[in-house]
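The values are calculated or read from the model by the stated rules, or taken from the named source; none is laboratory data. Because the structure is a prediction, the values reported are computed rather than measured. Because the Cβ atoms are built from the backbone with ideal geometry, glycine has one as well, and the counts that use them run over all protein chains shown.
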Amino acid sequence: MKKSLILLFIVCLLAQPAYAQFEHAQRADIKAVAVTSGENPTGVVINISVIVTPGDGRVFVSTTPYTEIDMQGSAQLAALTACDLLGMDFTKHDFFYIIEAEAPIVGGPSAGGVMTVATVAALKGLKIRNDVYMTGMIYPDGFIGPVGGLKYKLEAAASHGGKIFLIPVGQRITYVEEPKVRRVGIISIISTEYKKIDLAEYGKSLGVDVYEVRTLNDALKFFTGYEIEKPQGNFSIKAYSDILKKLAEKMKDSVMPLRKEVKSDRAEDLIKKAEEYYSEGKYYTATSLYFQSKIILRYELYKKSVVTAQQFDNEVESIENEIESLKNYLNSEEIGVNSFQIIAAAQERVAEAENLLEKAKTATTDDEALQYLAYAKERVESAKVWLSILPELGNDYEISPQEMEKRAEFYIMQAGSILVYASSLNGEQTLLNDGYEALDTAKRLLSDGLYAGAAVMAINSITDASLSIEVKYGEIGDKIEGAKEAANSAISEAEQVVFPVLPAAYYEFAESMENEYAKLMYYKLSERLAKLLTVMAKSGGERELKHVEFNPYTYYRPEKKSRIEQVLETPGFEAVYGIMAISAIAALGRKRIKGGRSK
């Protein structure tokens, strides 16, 4: 009898569900759809469980059976995005994703949106409807991105009792590849045709209502009846005018000595534009244009004064000494919440100067070497200009080096994960290259103990990686206003605890941009840097959820056919090919000699 009781006790322990083994665990379960791998793909339903526990920002993934694309990137991004949208600190939780499929599937991107919905539900204790299915990538800003295999996924949802099927905006019209066999004599010729399908109409024939969703909040309303309240706020750039005006004036003053030495029509045009922006009160944009004119003038000066190998080596050594001196200063300076952003800006520019100097030393032509040399020299000078406004910031308190190091390591880890994810989706290559370069720079800054700059460079890398996806697959114009609102809210929130001059500067710069890619990039940089400052100040409240009186059957279903209608969807393929020209990317000029990144 005693042995029987012991045996029963052991069986009971073993029978406990996995999540019961976690302390203070919160769990959400959701069903998703995927496409089987192999020559004859079909749609299947997969079960996803998300378990959240107190922790330190780790993400664990278990898949059964295997997936063709590693889902670690999707899980990492889902956890980060959910926390970001909720205003929660990712580093305070651990996330466990358990994915169980009926057959080997093409995994990864298409489950990102569903995984994010489930993560929000786990964090906030929301109940998920079991008759709603969804497919779509998740972008770091909470937008839902396009995927493939929609017909097969819709069929899988219908066969498992789905009543609502959510798809990314613009994918109502899809195409399915159909092989056609034609006999020519004794030979069979196989060709491929593409059948056009209206998913909303096809869904009706299966008893499923198909809706397009643009954001995670749209999807949450279908799954839970709740949406995340957006933080309210409206900052004024005028509050930063005095300090940004001084920044512009110091940059302008540093142009004058070069103008006395050399002449350049291109530089004069930039200076004229800078003065126009200055008169309009757009001081940071003026600062950027003055900086760009300095690169051109410095290059013209080098063409006159650096004509021998010895002169080149001497100038390289001089810039290297300036860099080393600045690094020593920046490593010894105590950093507070306000000064963090200024020190970070200086550290970032010093690191970029090192990169440019290395390119100058390994250039294949004299002209190229002098251009990189000029850019490196002016990067060092711009670091000095930023440091000159440090005395303007007050009411600061010190941040421990350990806290900054931890934060920098976290963002570097995040950047690496998102870059791998974006690469797996064949993101726009120029931006991916920029992202990897920024990540390498962040790692070097971290090893040098320059933690503020490391964190900011990692954020630059994250922005490059996420934008590389959006540029290739997303509707950029549709996102600019949302990015602007998000940046405005993030700066307003940061203003409660810091004086976020760097995010405000980027916000102003975004407003001045005519190129929509550059505009989107700088709004996103502005938002992420403002959030970083808020976190460093250990402030920022958790977002509230708002119950919505929501009837999915009155939800607006867009009738307009987007450019994605032109995309030919191949079975099981999880990334949609490009729908817009990428040539405008060159206009960003973020790391190019002619444009240079602003500042």
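Going through segment 134-176 one residue at a time, which ones are hydroxyl-bearing (S, T, Y), closer than 30 Å to K484 by Cα and buried (at least 24 other Cβ atoms within 10 Å of the Cβ)? Talk me through it step by step, then tell me what you get.
Applying the first criterion (hydroxyl-bearing (S, T, Y)) to segment 134-176 yields 135, 139, 152, 159, 174-175.
So of that shortlist, the ones also closer than 30 Å to K484 by Cα come out as 135, 139.
T135 - this is the single residue of segment 134-176 that is hydroxyl-bearing (S, T, Y), closer than 30 Å to K484 by Cα and buried (at least 24 other Cβ atoms within 10 Å of the Cβ).
For segment 99-110, indicate whether the set of residues that are modelled with pLDDT of 85 or more, assigned to a strand (DSSP E or B) and touching a Ser or Thr at 6+ places or on another chain (Cβ under 8 Å) is non-empty. So that I can check it myself, show each step before the final result.
Looking only at segment 99-110, we keep the residues that are modelled with pLDDT of 85 or more, and these are 99-100.
Cutting the leftovers down to assigned to a strand (DSSP E or B) gives us 99-100.
From what is left, the residues that are touching a Ser or Thr at 6+ places or on another chain (Cβ under 8 Å) are 99-100.
Within segment 99-110 (the criterion being modelled with pLDDT of 85 or more, assigned to a strand (DSSP E or B) and touching a Ser or Thr at 6+ places or on another chain (Cβ under 8 Å)), the answer is yes, since at least one residue qualifies.
Would you point out which residue out of A101, A122 is surrounded by 23 or more Cβ atoms within 10 Å (Cβ to Cβ), over 19 Å from the mean Cα position of the chain (by Cα) and small (G, A, S)? Write out each step before concluding.
Details: A101 fails: surrounded by 23 or more Cβ atoms within 10 Å (Cβ to Cβ).
Criteria check complete, one pass: A122.
Which of (1) touching a residue at least 12 places away in the same chain (Cβ under 8 Å); (2) surrounded by fewer than 22 Cβ atoms within 10 Å (Cβ to Cβ); (3) assigned to a helix (DSSP H, G or I) does S318 not meet, given it meets every other one?
Single failed check for S318: (1).
Considering only residues that are touching a residue at least 40 places away in the same chain (Cβ under 8 Å) and of a type in the set (V, I, T), which ones fall in segment 346-382?
V350, V380, listed by residue number.
Given the condition modelled with pLDDT of 75 or more and closer than 25 Å to D434 by Cα, answer yes or no: does some residue in segment 545-567 qualify?
Here is the first cut: in segment 545-567, the residues modelled with pLDDT of 75 or more are 545-548.
In the following step, the residues that additionally are closer than 25 Å to D434 by Cα were identified as none.
The answer is no, given that none of the residues of segment 545-567 is modelled with pLDDT of 75 or more and closer than 25 Å to D434 by Cα.
Would you please name the residue that is surrounded by the fewest Cβ atoms within 10 Å (Cβ to Cβ), looking only at residues in segment 456-510 that are among the acidic types (D, E) and closer than 26 Å to T287 by Cβ?
From segment 456-510, those among the acidic types (D, E) are 464, 470, 475, 478, 481, 485, 493, 495, 508; that's our starting set.
Then keep just the ones that are closer than 26 Å to T287 by Cβ; that gives 464, 481, 485, 493, 495, 508.
Values: D464: 31, E481: 10, E485: 16, E493: 22, E495: 20, E508: 24.
Across segment 456-510, the extreme among qualifying residues is E481.
Being of a type in the set (D, E, K, R), under 17 Å from I51 (Cα atoms) and surrounded by fewer than 24 Cβ atoms within 10 Å (Cβ to Cβ) narrows it down to one residue among D89, D131; which is it?
Working: D131 fails: under 17 Å from I51 (Cα atoms).
Of D89, D131, the one residue that is of a type in the set (D, E, K, R), under 17 Å from I51 (Cα atoms) and surrounded by fewer than 24 Cβ atoms within 10 Å (Cβ to Cβ) is D89.
Given the conditions (1) assigned to a helix (DSSP H, G or I); (2) in contact with a helix residue (DSSP H, G or I) (Cβ under 9 Å, 6 or more places away or on another chain); (3) at pLDDT 95 or above, which single one is not true for A363?
Every listed condition holds for A363 apart from (1).
Where residues in segment 386-408 are part of a helix (DSSP H, G or I) and either in contact with a Phe, Trp or Tyr (Cβ under 6 Å, 6 or more places away or on another chain) or crowded, with 17+ Cβ neighbours inside 10 Å (or both), which of them is modelled with the lowest pLDDT? Steps first, please.
Of the residues in segment 386-408, the ones part of a helix (DSSP H, G or I) are 386-387, 390-392, 401-408.
Keeping just the survivors that are either in contact with a Phe, Trp or Tyr (Cβ under 6 Å, 6 or more places away or on another chain) or crowded, with 17+ Cβ neighbours inside 10 Å (or both) gives 386-387, 404-405, 407-408.
Numbers: W386: 94, L387: 94, M404: 87, E405: 89, R407: 82, A408: 89.
Among those residues, the one meeting the criterion is R407.
Consider S288 carefully, then state whether it is of a type in the set (G, A, S) and within 14 Å of K377 (Cα to Cα).
Values: of a type in the set (G, A, S): yes; within 14 Å of K377 (Cα to Cα): no.
So S288 does not fit the description; no.
Considering segment 330-345 alone, what residues qualify as being without any contact (Cβ under 8 Å) to a residue 12 or more places away in the chain, part of a helix (DSSP H, G or I) and under 25 Å from L244 (Cβ atoms)?
Our first condition is that a residue be without any contact (Cβ under 8 Å) to a residue 12 or more places away in the chain; within segment 330-345, this holds for 332-333.
Filter once more, so that each one left must be part of a helix (DSSP H, G or I): 332.
The answer is none; no residue qualifies.
Right, F499: in a helix (DSSP H, G or I) and closer than 22 Å to G453 by Cβ or not?
Numbers: in a helix (DSSP H, G or I): no; closer than 22 Å to G453 by Cβ: yes.
In short, no.
Taking A344 and the conditions (1) surrounded by 22 or more Cβ atoms within 10 Å (Cβ to Cβ); (2) of a type outside the set (D, E, K, R); (3) more than 24 Å from S288 (Cα to Cα), which numbered condition does it fall short on, given that it satisfies the others?
(3)
Is there a residue in segment 445-457 that is more than 18 Å from the chain's Cα centre (by Cα), without any contact (Cβ under 8 Å) to a residue 12 or more places away in the chain and farther than 20 Å from V337 by Cα?
Yes, there is a match, as at least one residue in segment 445-457 is more than 18 Å from the chain's Cα centre (by Cα), without any contact (Cβ under 8 Å) to a residue 12 or more places away in the chain and farther than 20 Å from V337 by Cα.
Scan segment 303-315 for residues that are crowded, with 19+ Cβ neighbours inside 10 Å and either closer than 14 Å to L357 by Cα or of a type in the set (S, T, N, Q) (or both) and report the count.
Just the residues of segment 303-315 that are crowded, with 19+ Cβ neighbours inside 10 Å, to begin with: 306, 315.
Next cut, either closer than 14 Å to L357 by Cα or of a type in the set (S, T, N, Q) (or both) only: 315.
Residues that pass the stated criteria total 1.
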